[in-house]
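Presented below is the structure to which this report refers.
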Amino acid sequence: MPDERSDRGCESEVILDVVFNCGLLFLTVANIGDRPAHEVRIHFKRAFTGLGGTRKLHRLALFERLEFLAPRKSIEVFLDRSAAYFAREEPTVLEATITWRTASGEERRSSVIHDLEIYRDLAYIDREVPTRADPA
């Protein structure tokens, strides 16, 4: 009798992760499975903005209309500088429901909760982006 877990290990599995790197926050959508994911949708429980408060990140097409996500592929989106995000008093708990279809058409669903508050007190070196030198 085949092991059900080994069969499922070959399926698609879509996750939403948060990455903190040198004071920058990113959201990552990844298919950590071995098969493609289709019709990927990520619905956030609360609205939130990024990029200095200029973009409604929860409404990005990436989260609403990702039709195909290859196996072992991830897409990383810049959320904001952590200091700017916290200064605007954006939601620090991001709750999301992720749905997708497997290669055989079966619907899958998972939920995730990320508490961004854990990044608030982390120390990092704020590096300035170098500017181009003016031509002489």
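Structure notes:
- Rel. contact order, % - alpha carbon contacts under 8 angstrom, at least six apart, region 8-119: 31 percent
- Neighbour-count order for Leu16, Leu62, fewest beta carbons within 10 angstrom listed first: Leu62, Leu16
- Each Lys or Arg adds one and each Asp or Glu subtracts one; over the other residues with Cβ under 15 Å from the Cβ of His114, this totals -4.
- Whole-Å semi-axes of region 1-126's equivalent ellipsoid (Cα gyration tensor): 30, 15, 12
- Longest DSSP-loop-exposure-free segment, GluC sites (Glu not before Pro), the chain, at most 16 other Cβ within 10 Å: 1-88
- Residues Tyr124, Tyr85, sorted so that the one with the fewest Cβ neighbours within 10 Å comes first: Tyr124, Tyr85
Coordinate-derived values only; no laboratory data. Predicted model, so just to flag it, every value in this text is computed and none were measured. Every residue, glycine among them, receives a Cβ derived from its backbone with ideal geometry; neighbour counts consider all protein chains shown.
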